[in-house]
Amino acid sequence: EYTIGKTIPSVQSIARAASNPSNAAVVDFTVTFSEPVTGVDVSDFNLIATNISGASINSMTGSGNTYNISVNTGSGDGTLRLDLIDNDSIVNASGNTLGDIGIGNSNFANGEAYNIDRTAPSVISIVRASNNPNSSSNVDFIVTFSEPVTGVDALDFSLMNTSLSGAIISSLNGLGNMYTISVNTGSGDGTVRLDLVDDDSITDLASNKLGNIGIGNGNFINGETYVADKTVPIITSITRAGGDPSSA
């Protein structure tokens with residue numbers, strides 16, 4: 001008896017097999033076909049790189065309908081996509097070629113892309129969010145990073161103050177590249193500045209550490225300062241401004 005197979009195989013997806021964005025030197029793509037195929041090799045694929053140089057296909061593993069393509073991400077920041085170029089070398093068990101006979105009729109260029117990010121995030125600014133000078137018991141600072149980051153907490157900051165007693169960081173909120181830090185100014189009159197102390201806990205979405213790997217290389221001590229003035233004004237005198245006695 002004959003087994004008649006007339007179904008034409010096709011590419012179902014080319015998907016990222018690792019987290020995205022990525023700062024890795026090597027990333028993987030998973031290529032899924034509609035059915036088991038043979039004849040798949042690295043010459044069936046092409047990399048589309050934007051703002052990246054030196055990217056290359058390292059190796060390929062897999063069988064049946066699923067294959068894994070390992071890619072060297074080269075250098076630079078940008079995007080990287082893996083496309084399949086149909087050269088009629090890929091066939092199913094019945095000998096039907098990918099997309100039917102004809103070079104290029106089953107090209108696949110709609111797969112997922114990696115965002116390759118090797119640039120370490122940095123602090124752009126720490127600025128006052130309230131009036132200055134200020135008599136309030138609480139003031140806010142806005143901390144802006146060069147890109148969205150995670151791992152930000154109160155332990156990443158310290159207060160530099162003069163002539164104030166009991167000033168503390170009271171709360172933190174925000175996400176992405178912007179955070180608001182509330183500071184209780186304690187007692188007394190003086191100045192207070194919020195500094196960031198890099199302990200390598202802050203990373204971008206590609207896991208690049210603030211200022212790059214190394215404690216302290218992402219410190220920021222150039223932010224704005226509040227003048228805390230809580231002294232109530234009083235009248236110290238009312239004096240004559242002209243002669244006395246006067247006929248004016």
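The values are calculated or read from the model by the stated rules, or taken from the named source; none is laboratory data. The model shown is predicted, which means the values in this text are computed figures rather than measured ones. Counting neighbours? That spans all protein chains shown, and the Cβs are built from the backbone with ideal geometry, glycine included. Heavy atoms of the whole protein, side chains included, go into the accessibility calculation; ligands, DNA and RNA do not. Shrake-Rupley method; radii C 1.70, N 1.55, O 1.52, S 1.80 Å.
Would you say Asn208 is open to solvent by 50 Å² or more (accessible area, probe 1.4 Å) and either out of contact with any Gly (no Cβ under 7 Å at 6 or more places or on another chain) or of a type outside the set (Gly, Ala, Ser) (or both)? No. Selection within the range 51-61: residues that are open to solvent by less than 50 Å² (accessible area, probe 1.4 Å) and without any contact (Cβ under 8 Å) to a residue 40 or more places away in the chain. The member of this set that is farthest from Asn96 (Cα to Cα) is Ala55. So for the range 183-200 (the condition being within 14 Å of Arg128 (Cβ to Cβ), modelled with pLDDT of 95 or more, of a type in the set (Lys, Arg) and surrounded by 13 or more Cβ atoms within 10 Å (Cβ to Cβ)), does at least one residue qualify? Checking the range 183-200: at least one residue is within 14 Å of Arg128 (Cβ to Cβ), modelled with pLDDT of 95 or more, of a type in the set (Lys, Arg) and surrounded by 13 or more Cβ atoms within 10 Å (Cβ to Cβ).
Evaluated against (1) among the hydroxyl-bearing types (Ser, Thr, Tyr); (2) open to solvent by 60 Å² or more (accessible area, probe 1.4 Å); (3) free of Cβ contacts under 8 Å to residues at least 60 places away in the same chain; (4) more than 30 Å from Ser207 (Cβ to Cβ), Ser136 falls short on exactly one condition, (2). Candidates are the residues of the range 152-163 that are among the small types (Gly, Ala, Ser) and exposed (fewer than 14 other Cβ atoms within 10 Å of the Cβ); the one that is nearest to Thr225 (Cα to Cα) is Ser163. Once the range 220-247 is narrowed to residues that are open to solvent by less than 80 Å² (accessible area, probe 1.4 Å), out of contact with any Lys or Arg (no Cβ under 8 Å at 6 or more places or on another chain) and in contact (Cβ under 8 Å) with a residue 12 or more places away in the chain, the residue that is nearest to Thr180 (Cα to Cα) is Phe220. Once the range 88-100 is narrowed to residues that are open to solvent by 20 Å² or more (accessible area, probe 1.4 Å) and of a type outside the set (Ser, Thr, Tyr), the residue that is nearest to Ser75 (Cα to Cα) is Asp88. Among the residues of the range 168-180, what is the count of those that are in contact with an Asp or Glu (Cβ under 7 Å, 6 or more places away or on another chain) and in a strand (DSSP E or B)? The qualifying residues number 2. Of the residues Val26, Val71, only one is within 17 Å of Glu112 (Cα to Cα), exposed (fewer than 13 other Cβ atoms within 10 Å of the Cβ), modelled with pLDDT of 95 or more and not acidic (Asp, Glu); which? Checking each option against the conditions leaves just Val26. Taken over the range 220-233, the residue count meeting the criterion of being at pLDDT 95 or above and β-branched (Val, Ile, Thr) is 3. Between a first residue in the range 101-118 that is in contact (Cβ under 8 Å) with a residue 12 or more places away in the chain and a second residue that is surrounded by fewer than 18 Cβ atoms within 10 Å (Cβ to Cβ) and of a type in the set (Val, Ile, Thr), which pairs have beta carbons less than 8 Å apart while being 6 or more apart in sequence or on different chains? Listed by first residue and then by second, the contacts come to Gly104/Ile85; Asn107/Ile85; Ala109/Ile48; Ala113/Ile48; Ala113/Thr79; Tyr114/Thr79; Asn115/Thr79; Ile116/Thr79. None of Ile48, Ile85, Ile103 is at pLDDT below 95 and either touching a His at 6+ places or on another chain (Cβ under 6 Å) or open to solvent by 50 Å² or more (accessible area, probe 1.4 Å) (or both) except Ile103. On the stretch given as the range 123-133, residues that are open to solvent by 40 Å² or more (accessible area, probe 1.4 Å) and either in a helix (DSSP H, G or I) or of a type outside the set (S, T, N, Q) (or both) total 5.
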